[in-house]
1. What pairs come out if I take residues in the range A:71-84 that are on the phi > 0 side of the Ramachandran plot and small (Gly, Ala, Ser) and pair them with residues that are surrounded by fewer than 24 Cβ atoms within 10 Å (Cβ to Cβ) and at pLDDT 95 or above whose C-beta lies under 7 Å away, six or more apart or interchain?
2. Any residue that is of a type in the set (D, E, K, R) and closer than 25 Å to A:Pro36 by Cα - is there at least one of those in the range A:392-408?
3. On the basis of being within 22 Å of the chain's Cα centre (by Cα), within 16 Å of DNA strand B (Cβ to nearest atom) and surrounded by 22 or more Cβ atoms within 10 Å (Cβ to Cβ), does A:Gly107 make the cut?
4. Can you tell me which residue in the range A:71-104 is nearest to DNA strand B (Cβ to nearest atom), limited to those that are among the small types (Gly, Ala, Ser) and in a strand (DSSP E or B)?
5. Residues of the range A:224-261 being over 19 Å from the mean Cα position of the chain (by Cα) and either at positive phi or acidic (Asp, Glu) (or both), which ones?
6. Checking the condition crowded, with 17+ Cβ neighbours inside 10 Å and out of contact with any Cys (no Cβ under 8 Å at 6 or more places or on another chain), which residue from A:Gly364, A:Gly346, A:Gly395, A:Gly385 passes?
7. For A:Leu310, indicate whether it is within 15 Å of DNA strand B (Cβ to nearest atom), under 30 Å from A:Ser430 (Cβ atoms) and modelled with pLDDT of 95 or more.
8. Answer yes or no: is there a residue in the range A:25-33 that is touching a strand residue (DSSP E or B) at 6+ places or on another chain (Cβ under 8 Å), farther than 29 Å from A:Ile95 by Cβ and either among the small types (Gly, Ala, Ser) or surrounded by fewer than 21 Cβ atoms within 10 Å (Cβ to Cβ) (or both).
Amino acid sequence: MGDESWQTHLEVENDGLMRIRKHGTMNVDAMIVSSPEHMAKSSDSRSISQLVNIASMPGVVGEAWAMADWHFGYGFPIGGVLATDVNWGEEGGSISPGGVGFDINCGVRMVALECSIDDIPNLDKLAGRLNGRIPSGGSGKGGLDITQRELDEIVTRGTNAMVDLGYAYEEDMNSIESNGMLETDNGVSERAMNRGMKALGTLGSGNHFLELQTVQSVEDNNPHNLFEGQVVCMIHSGSRGLGHQVCTDHVRTLEDKYRNRDGVWQNDEWGFEIQDRQLAAAPVFSKEGQSYLDAMNGAANFAFANRSALTHRLRQTLATEIDVETRLLYDVSHNIAKIEDHVIHGKTCTCCVHRKGATRALPGQPVLVPGDMGTGSWLLEGKEGNRAFSSSCHGAGRLLSRSQAKKQIDGKALKRELESRGIRIHANTSNIISEEAPDAYKDVDEVIGLTNSAGLTKPIARMMPLAVIKG
DNA sequence: ATGTTC
């Protein structure tokens, strides 16, 4: 599946970058953080077709990007970064829910414990306690009990509301992207709000996790004063059913506004033409575009609050085992669209930047890149001159589909193997261990190497897993 | 990713 004519327009740009020259319906070139060797291993032509499709979106500027961990997604590839000019046309360039994804403001936070691995009296016991206190899996049971009024505050004010409710430290806000609060009038639908009532402080399933890690190595550039053997906690979760419902609501509304003419999807009202119905988009300043942005920001606030609630549980649980300071090092979003200024070909442009499975990486900003449960994770920082609208990869990237992984990998045997290497695994099912196995993912170190070579980031520290709590 | 097909 997928048109492969892009192959004849593919060039090597430098060590970590490939370029697809604009051709056919494309409005701009596409860039891939990759090398010929890496492309050959990640040869999924469907996702490259998706990259070509997004380079064809109305109002796109600069280049359409695929981060080194790109793979096939809903409309947009995961690992995709797309910027549109908000001053393009009458009501601005495209904003598309498919460019953000279903798990709005899915993201990662890293909490540094001011202690070394040797200061934890019993890691097995601590991991067991965390597993008991961190709700995970599909059921969504065991989260924080909140009222409708509290949920409204959370969706409207994000982390700020969590501080007021006593579920977050005030200083946490300084270490969260956008200070953990995006502007919204809370246009989140009633149905989405109802799904949110039961979900605050729950991890979810799939690749979401809470992981105790130890710092394996630190670069000379060490702005966060980390040390080898230090214990940290990484939390990966998003907006749960609330964000999923917001995406569903707006995808439906927008997809209904397009008609197929000769294989191209068109909206006459806006004069928009898209290559795939799943790319359904509205002009940023249209009623529909603003309505999506408003609800998306509300869902993003809920996701920030969810990670705060999980951090609260982490802090409570740690206190039962050890007297230790916890410092939120940073919290990044990897599924969001934001209005930002960027210099494109020498000119400043106000853009709507979609990052779907991609992390913002402003100069000096911490970038959190979890690998897989057996390999390790990275702390990077954004680099001056990042050409990808100040963005980075968000993980290792899938190599095997979930169904392939379940077929090929014995979850129980893998759990034993990881535990023999000192990695405690608490997962609800054996299937989830197979699906999230190291062999189901690309090599995170290779992905990080490409990202650094492409000039997007520089490394700060590498972490190894100690205990993994998963759905 | 997801009350895993309203």
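The values are calculated or read from the model by the stated rules, or taken from the named source; none is laboratory data. Everything numeric here is computed off the predicted structure, so don't read it as measured data. All Cβ positions, even for glycine, are placed from backbone atoms using ideal geometry, and neighbour counts span all protein chains on display.
1. A:Gly75/A:Asp276; A:Gly75/A:Gln278
2. Narrowing the range A:392-408 to residues of a type in the set (D, E, K, R): A:398, A:402, A:406-407.
Now restrict to residues that are closer than 25 Å to A:Pro36 by Cα: A:398.
Yes - at least one qualifying residue is present in the range A:392-408.
3. yes
4. In the first step, residues of the range A:71-104 are kept if they are among the small types (Gly, Ala, Ser); the result is A:73, A:75, A:79-80, A:83, A:89, A:92-94, A:96, A:98-99, A:101.
Add one more test, that the residue is in a strand (DSSP E or B), and what stays is A:79-80, A:83, A:94.
Numbers: A:Gly79: 12, A:Gly80: 15, A:Ala83: 24, A:Ser94: 21 Å.
Ranking the qualifying residues of the range A:71-104, first place goes to A:Gly79.
5. Result: A:Asn225, A:Glu228, A:Gly229, A:Asp249, A:Glu255, A:Asp256.
6. Values: A:Gly364 fails: crowded, with 17+ Cβ neighbours inside 10 Å; A:Gly346 fails: crowded, with 17+ Cβ neighbours inside 10 Å; A:Gly385 fails: crowded, with 17+ Cβ neighbours inside 10 Å.
Just one listed residue meets the conditions, A:Gly395.
7. Yes, satisfied.
8. Within the range A:25-33 (the criterion being touching a strand residue (DSSP E or B) at 6+ places or on another chain (Cβ under 8 Å), farther than 29 Å from A:Ile95 by Cβ and either among the small types (Gly, Ala, Ser) or surrounded by fewer than 21 Cβ atoms within 10 Å (Cβ to Cβ) (or both)), the answer is no, since none of the residues qualifies.
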